[in-house]
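Take a look at the structure set out below.
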Amino acid sequence: MKVLLKTKMIISSLTVIIICGLVATLVAIRLIGTGIINQAQDKVRTDLNSAREIYREESENLKDVVRFTALRFFIKEAIRDNNLELLQKELEEIRNSESLDILVLTDKNGRVIVRTRNPSITGDSQTQDDLVSHVLSDREIISGTVIVQREELLKERPDLAEQAYIKFIHTQKEKPSLKSESTSGMIIKAAAPVFNSDGSLVGVLYGGTLLNRNYKIVDEVKETVYQGVKYKGKDIGTATIFQGDLRISTNVKGEDGSRAIGTRVSEEVYEQVLVKGLPWIDRAYVVNSWYIAAYEPIKDINDEIIGILYVGILEEKFMDMRRRAVLIFLGITLAGMVIALIVSNFLANGVLQPIKRLVFASQQLAKGNLEYEVELKSSDEIGELGETFNLMASSLKERDERLKEYTQQQIMKSERLATLGQLAAGVAHEINNPLGAVLMYTHLSLEEMESEDTRRQNLEKVVGEATRCRDIVKGLLDFARQTEPKVEESDVNGILNRTLSLVENQALFQNVKVKKLLTSSLPKVMMDSNQIQQVFTNIILNAAEAIEGEGELIVVTRRAPDNKHIEIEFTDTGCGIPPENHEKIFDPFFTTKEVGRGTGLGLAISYGIIARHKGTINIRSKPGKGSTFIVRLPLKIES
Ligand SMILES: Nc1ncnc2c1ncn2[C@@H]1O[C@H](COP(=O)(O)OP(=O)(O)OP(=O)(O)O)[C@@H](O)[C@H]1O
Ligand SMILES: [Mg+2]
């Protein structure tokens, strides 16, 4: 499938953008997530401080009420006068106006004189009560949270015990318990000494508020800290007071929408807050929703942990905030990607424009329009490519022109050779017969002459010169004959060995060392072995003639790199051929040899033979150093 460069460029830049976008998004989601959760935890920690303040304020208020009541004049007087009626009336009024659940006066031994909520039960000792015993011994006011047993609550009338009674409601994560109900109550209590005018202790006044099912503190926390804000119908902030691990006052709602009184804290929180006495801030599943929650222990005056104070913010709001932030971020990333895509498309166009021009120019070149020049103004690599392209085109053009010229010359040369061939054949044919007659009659005359005849010498010269003429004529006929080769499968190495063994014994080869590097596995080639032997003989004799004194002839056969030809290479250490003669040596009658030694037909004939075999002869030569003749013959002759 063809994928456009532009598509590839856009895909690769898009891949980079997507990877960066993904990494950035992941990092951002993580940062936003932890940032928002940390923020929520900080907030809930502060909220817990506020809740603790509100709780403490409640205790302080109570303390003030008890303190100031204990200082009231009527109490001292009524105690002195044993006016129980007055005490009951006044104190009950105070209890009502201050909305206290209990207000009790004991004598200096801790025996109840007046129990405002239930006047019928008096005379019982309250010295077992930590606060009362503290006041009796230290004679100073004290307040704190205490757990009060059911029998004590019953003394204050059964309805108070009833208010304190809570049946456990089972939820998922609570710590398992053998109990199924709680009968005691948790009370914020304050106790103050009552002195008479001479400063001696005459009694103890204590008051208290039952926290079980009393929602004043938790609702105040909700109102003050969270302003009662709701999120998706649920209170955003909630507060709870636990007696031990039991919810006794809360504004967390259960499944039915009522306050989740009777449910208990998770085991995790139980261990951390009630057992270890440490605060706990984390997300927590409270009744039926997730909250970012904070818990801390509530202690009595002996520093014993008796309950927990809790505030929690609905996690959903923060989760939604996080989701929104993430969505906004994703939106921005996506928009960035789209913009990047547009920009990369634009940039890709910028890069591709010159490439397109180059492609067009190459097409022009391929069509043969070598005049076409590409115009690229950029100074980068593409500009460089454009310059190189133009350079390539101009050198191609130059080559093309040279090739044309060369071909022209070659055509002219072969035409010349052909004409020469015809002429030579005609002349040779005409001369051959009279020459034969000259030789025959000269031989006859010589036979008839006496051996001492002085004219014999002249006639022998005639025979010599006529023989030389016949040789030339024979050469001319060979050159001109241009007979089609009679091809058969022949072994080049065999022909070479045969040729060399024929010539090596000649005097010419006395000082010539012949080295054969013949590739043994050469395939057989279709050729006329006689004609090829003639070519090899001619090249080898030329080499030997070029070597003056001692020298070397190296003959190599091999497969050509294109695997379609074989190459036969003859290298000699002879006199070499000057460059200006490279073309001429294949011309008929071109020879540098003295008259009578060479006819200049050898290479012309060889050239013709090799050409008819569809092969080539090339030369490499350095004057003074030697020459190399390379004959290339095709493995198959294609017509
Ligand atoms: N190996 C060679 N080293 C140097 N010159 C060479 C070599 N082979 C050929 N020549 C040159 O090429 C010329 C032409 O050679 P060619 O074989 O056609 O003719 P020739 O050898 O002169 O005569 P003949 O017809 O007897 O072969 C030679 O005269 C010689 O100058
Ligand atoms: Mg020759």
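The values are calculated or read from the model by the stated rules, or taken from the named source; none is laboratory data. None of the values given here were measured: they were computed from a predicted structure. Quick reminder, even Gly has a Cβ in these numbers, built from the backbone with ideal geometry, and neighbours come from all protein chains shown. What goes into the accessible areas is simple: the full protein's heavy atoms, side chains included, and nothing from ligands, DNA or RNA. Shrake-Rupley method; radii C 1.70, N 1.55, O 1.52, S 1.80 Å.
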### Message
Treating only the Cβ of Lys, Arg, Asp and Glu as charged (+1, +1, -1, -1), what charge dipole size does segment 545-605 show about its Cα centre? Round to the nearest 20 debye.
### Response
280 debye
### Query
With charges only on Cβ, +1 for K and R and -1 for D and E, what is the dipole size of segment 560-639 about its Cα centre, in debye, rounded to 20?
80 debye
### Message
If you fit an axis through the alpha-carbon atoms of helix 529-546 and take the longest principal axis of the Cα set of the chain, what angle between them do you get, 0 to 90°, nearest 10?
### Response
90 degrees
### Task
Go through V104, A294, Q408 and say which Cα lies farthest out towards the positive end of the charge dipole of the chain; charges sit on Cβ, +1 for Lys and Arg, -1 for Asp and Glu.
Q408
#### Entry: Violating pairs (Cα-Cα greater than 19 angstrom) within the set K167/K216; K564/K614; K486/K524; K43/K317; K43/K175
K167/K216; K43/K175
### Query
Under 11 Å from a point 7 Å along the Cα-to-Cβ line of K636: which residues of segment 613-628 have their amide N that close?
none
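Hey, what does the equivalent ellipsoid look like for segment 233-354, semi-axes from the Cα gyration tensor as sqrt of 5 times each eigenvalue, largest first, whole Å?
52, 16, 9
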### Query
What is the local net charge at T599, summed over the other residues whose Cβ is closer than 10 Å to its Cβ (Lys, Arg +1; Asp, Glu -1)?
+3
### Task
Name the aspartates and glutamates eligible as straight-distance cross-link partners of K232: C-alpha to C-alpha under 20 Å, and not fewer than 8 places from it in the same chain.
D219, E223, E255, D256, E315, E316, D320
### segment 300-434 - charge dipole about Cα centre, Lys and Arg +1 at Cβ, Asp and Glu -1, debye rounded to 20
880 debye
### Task
Skip the ligands, DNA and RNA, and give the accessible area per residue of segment 315-413 with a 1.4 Å probe, whole Å².
73 Å²
### Message
Of L136, G262, G421, which is farthest towards the positive pole of the chain's charge dipole, taken about the Cα centre with +1 and -1 on the beta-carbons of Lys, Arg and Asp, Glu respectively?
### Response
G421
### Query
At a 1.4 Å probe, what is the % contribution of carbon and sulfur to the accessible area of segment 155-205?
55 percent
## Note on the structure
Between L201 and T34, the FRET efficiency computed from the C-beta separation at R0 = 41 Å comes out, to the nearest 0.05, as 0.10
### Task
Give the accessible area for S378 in Å² (nearest 10); use a 1.4 Å probe, count only protein heavy atoms, and leave out ligands, DNA and RNA.
50 Å²
### segment 342-447: trypsin sites (Lys or Arg not before Pro) falling in loop per DSSP and having at most 14 other Cβ within 10 Å
K367, K377
### Query
Over segment 447-522, what percent of the accessible surface lies on carbon and sulfur atoms, probe 1.4 Å?
46 percent
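At 222 nm, what value in deg cm²/dmol follows for the chain if DSSP H runs of at least 4 each add -39500 (n - 2.57) and the sum is divided by all its residues, to the nearest 500? List each step's numbers first, then the result.
Numbers: 13 runs with 310 residues, N = 639.
That calculation yields -17000 deg cm²/dmol at 222 nm.
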### Query
Along the Cα-to-C-beta direction of R213, a point sits 7 Å from the Cα; which residues of segment 250-268 have their amide N less than 15 Å from that point?
250, 258-263
### Task
Quote the FRET efficiency, to the nearest 0.05, computed for R559 versus R402 with a Förster distance R0 of 22 Å and r equal to the Cβ-Cβ distance.
0.15
### Message
Taking every alpha carbon pair in segment 73-212, what does the distance histogram look like in 5 angstrom bins from 0, in percent?
### Response
2, 10, 19, 21, 19, 11, 7, 5, 3, 2, 1, 0, 0
### Query
Using a probe of 1.4 angstrom, how much of the accessible area of segment 342-421 is carbon and sulfur, in percent?
58 percent
### Query
How much length, in nm to one decimal, is gained on full extension between V514 and I355, taken as 0.36 nm per residue of separation minus their Cα-Cα distance?
51.5 nm
### Message
Let me check the size of the chain from its C-alpha atoms; what are the radius of gyration and Dmax in Å?
### Response
63.6, 205
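Between N288 and S362, what is 0.36 nm times their sequence separation minus the Cα-Cα distance? Round to one decimal in nm.
Computed gain between N288 and S362 is 19.1 nm.
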### Task
Rounded to whole Å and sorted largest first, list the principal axis extents of the Cα atoms in segment 536-639.
40, 26, 24
### Message
For K377, give me every one of the aspartates and glutamates with a C-alpha distance below 20 angstrom, ignoring sequence neighbours fewer than eight places off in its own chain.
### Response
E387
### Task
Provide, in order from the shortest bin, the percent of all Cα-Cα pairs of segment 355-483 in each 5 Å bin, continuing until the bin that contains the maximum pair distance.
2, 9, 12, 9, 7, 6, 5, 5, 5, 5, 5, 5, 5, 5, 4, 4, 3, 2, 1, 0
### Task
Please identify every one of the GluC sites (Glu not before Pro) in segment 366-472 that sits in a loop by DSSP and has no more than 15 other beta carbons within 10 Å of its own beta carbon.
E371, E373, E375, E450, E452
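So if R0 is 60 Å, what FRET efficiency would Q172 and E140 give, r being the distance between their Cβ atoms, rounded to the nearest 0.05? Let's see the in-between values first.
Numbers: r = 47 Å, r/R0 = 0.78.
Computed FRET efficiency for Q172 and E140 comes out at 0.80.
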### Task
In whole Hz, with x marking every Gly and Pro, tabulate ³J(HN,Hα) for segment 347-359 from phi via Karplus 6.51 cos²θ - 1.76 cosθ + 1.60, θ = phi - 60°.
5, 4, 4, x, 6, 6, 3, x, 5, 4, 4, 5, 4
### Message
For a quick check of your reading of the filter: which trypsin sites (Lys or Arg not before Pro) in segment 423-524 sit in a DSSP loop and have no more than 15 other Cβ atoms within 10 Å?
### Response
R455, K486, K524
